[in-house]
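Peer 1: Take a look at this one; I'll ask things after.
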Amino acid sequence: MTMPRPGETPPALPFRRMRLAILGAGWLGGSVGRNWVRAGHEVMFASRHPDGLAQMVARTGPGASAGSLLDAAAFCDAALLSVPYEPVPDIAALVGEALRGKVLINASNQPFDRGHDLARRADAIGLGPLTAELFPTAGVAIAFSAVDATDIAESFDRNPSDKLAVPVSADAEDAMTTAVQLIHDAGCVPLVIGGLDSSKSFMRHTRPFRANTTLDPLRRAFGLG
């Protein structure tokens, strides 16, 4: 896949089984991870307290496992970051080297407190560039950050025309290709918005944020026709 243009929805590629990490196995990360296991991927759910993930792994079934954040980062081909943003700098310091050369899909949003240093930085430059600053050796994409966990979970079994549309931004072709494919594999439809700086257009307090809709209405929310 060549780098798609804003407004495009690249088709799914032939399925390729991957080892995927969910860094922060809460409601959203759990929903994405379960859909990835249903698609056929191997998924390690991770948190600071992996012993507490046994029930999630058991509910998800074969293909799921649990580990520490560092274990999951070392295990994976690509990772989903799904935590409150405040601890992200510490997580980056812990797992950044293990993610070197891998794709990191950020689903985390800037802090609610707009006076927080990370919130001010995200407001200034966007979540994409901020996350790339924190994980400089990974290929960063922004996706799943503007949709709700319930809608992700339900989309997997919907008809193609009713699937949840997920905005995605990335600078590097590999990061974009991987993120687009994993959005498809989660049972959703990708809508390419642009490079990492375009992630600013679907952060909190924007019209597309939590639109939780299908492809054509989401295109209109971005003014893409």
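The values are calculated or read from the model by the stated rules, or taken from the named source; none is laboratory data. For clarity, every value in this text was computed on a predicted model and none was experimentally measured. Because the Cβ atoms are built from the backbone with ideal geometry, glycine has one as well, and the counts that use them run over all protein chains shown. Surface areas here come from the heavy atoms of the whole protein model, side chains and all, with no ligands, DNA or RNA. Shrake-Rupley method; radii C 1.70, N 1.55, O 1.52, S 1.80 Å.
Peer 1: Report the residue, chosen from Asn159, Asn109, Asn35, that carries the largest GNM mean-square fluctuation when the chain is represented by alpha-carbon nodes joined by springs under 10 Å.
Peer 2: Per the Cα network of the chain with a 10 Å cutoff, Asn159 tops the list.
Peer 1: Could I ask something else about it? Going highest first, how would you order 126-136, 47-57 by mean Cβ packing within 10 Å?
Peer 2: Listed from highest to lowest mean packing, they are 126-136, 47-57.
Peer 1: Name the residues whose placed amide hydrogens come within less than 5 Å of the amide hydrogen of Thr214, ignoring near sequence neighbours (fewer than 5 apart) on the same chain.
Peer 2: Result for Thr214 returns Ala165.
Peer 1: Something else: Sort out the exposed loop chymotrypsin sites (Phe, Trp or Tyr not before Pro) in the chain (DSSP loop, at most 12 other Cβ within 10 Å) and tell me the longest stretch that has none.
Peer 2: Here the longest run is 113-225.
Peer 1: How large is ³J(HN,Hα) for each residue in region 48-55, as worked out from phi by the Karplus curve 6.51 cos²θ - 1.76 cosθ + 1.60 (θ = phi - 60°), to whole Hz, x for Gly and Pro?
Peer 2: Computed from phi, the couplings for region 48-55 are 5, 10, x, 4, x, 9, 4, 5 Hz.
Peer 1: Let me ask you something else. If a paramagnetic tag sat 7 Å from the Cα of Arg48 along the Cα-Cβ line, which residues of region 93-128 would have the backbone N under 15 Å from that point?
Peer 2: Label zone hits: 93-95.
Peer 1: Rounded, prolate or oblate: which fits region 35-167 when a ≥ b ≥ c are the square roots of the eigenvalues of the alpha-carbon gyration tensor, with rounded for a/c under 1.5 and prolate only if a/b beats b/c?
Peer 2: oblate
Peer 1: Between Rg and the Kirkwood Rh of region 56-123, both from Cα atoms, what is the Rg to Rh ratio?
Peer 2: Here Rg/Rh amounts to 1.04.
Peer 1: In addition: Binning at 10 angstrom from zero up to the longest distance, how are the C-alpha pair distances of region 145-194 distributed in percent?
Peer 2: Binned Cα distances yield the sequence 28, 54, 18, 0.
Peer 1: Once you keep just the Cα pairs under 8 angstrom separated by 6 or more residues, what percentage relative contact order results for region 1-119?
Peer 2: 24 percent
Peer 1: Taking θ = phi - 60°, what integer Hz values does the Karplus form 6.51 cos²θ - 1.76 cosθ + 1.60 yield along region 63-70, in sequence order, with x for Gly and Pro?
Peer 2: x, 10, 8, 10, x, 6, 4, 5
Peer 1: If I compute solvent accessible area with a 1.4 Å probe over the protein chains, what percent of it on region 17-122 is carbon and sulfur?
Peer 2: Roughly 54 percent, rounded to a whole number.
Peer 1: Hey, another quick one. Just read off the accessible area of Glu42 with the full protein assembly in place, 1.4 Å probe, to the nearest 10 Å².
Peer 2: Looks like 60 Å² after rounding.
Peer 1: Then there's this: If you stretched the chain out fully between Ala74 and Glu173, how much longer would it get, using 0.36 nm times the residue separation minus the C-alpha to C-alpha distance?
Peer 2: That works out to 33.4 nm of additional length.
Peer 1: Which of these, Ala138, Ala73, Ala39, has the largest mean-square fluctuation under a Gaussian network model of the chain (Cα springs below 10 Å)?
Peer 2: Ala39
Peer 1: For the chain, what are the per-bin percents of Cα-Cα distances with bins 5 Å wide, up to the bin holding the maximum?
Peer 2: 1, 8, 16, 21, 22, 18, 10, 4, 1, 0
Peer 1: Separate question: In terms of the ratio Rg/(2.2 N^0.38 Å) built on C-alpha atoms, what value belongs to region 116-225?
Peer 2: Normalised Cα radius of gyration, region 116-225: 1.03.
Peer 1: Over region 162-225, give the accessible area per residue in Å² for a 1.4 Å probe, as an integer.
Peer 2: 35 Å²
Peer 1: While we're on this one: If the viscosity is 1.306 mPa s and the temperature 10 °C, what Stokes-Einstein diffusion coefficient in µm²/s follows for region 91-154 when Rh is the Kirkwood radius over Cα pairs?
Peer 2: Rounded to a whole number, D works out at 125 µm²/s.
Peer 1: Probe of 1.4 angstrom, ligands and nucleic acids ignored: what's the accessible area per residue over region 1-113, in square angstrom?
Peer 2: So region 1-113 comes to 46 Å² accessible per residue, rounded to a whole number.
Peer 1: Out of all DSSP beta bridges in the chain, what portion is antiparallel? Express it as a percent rounded to 5.
Peer 2: In the chain, DSSP labels about 5 percent of beta bridges as antiparallel.
Peer 1: Determine the dipole magnitude for region 124-225: charges of +1 sit on the beta-carbon of Lys and Arg, -1 on that of Asp and Glu, nothing else is charged, the reference point is the Cα centre, and the result goes in debye to the nearest 20.
Peer 2: The dipole magnitude comes to about 420 debye.
Peer 1: Not counting ligands, DNA or RNA, and with a 1.4 Å probe, what is Met203's accessible surface area in Å² rounded to the nearest 10?
Peer 2: Surface open to solvent at Met203 totals about 10 Å².
Peer 1: What Kirkwood radius, in Å to one decimal, follows from the Cα pairs of region 19-63?
Peer 2: 10.2 Å
Peer 1: Which of these, Ile193, Ile125, Ile142, has the largest mean-square fluctuation under a Gaussian network model of the chain (Cα springs below 10 Å)?
Peer 2: Largest GNM mean-square fluctuation: Ile125.
Peer 1: So if I restrict to the alpha-carbon atoms in region 126-168, what is the Rg, and what is Dmax, the biggest pairwise distance, in Å?
Peer 2: 13.6, 38
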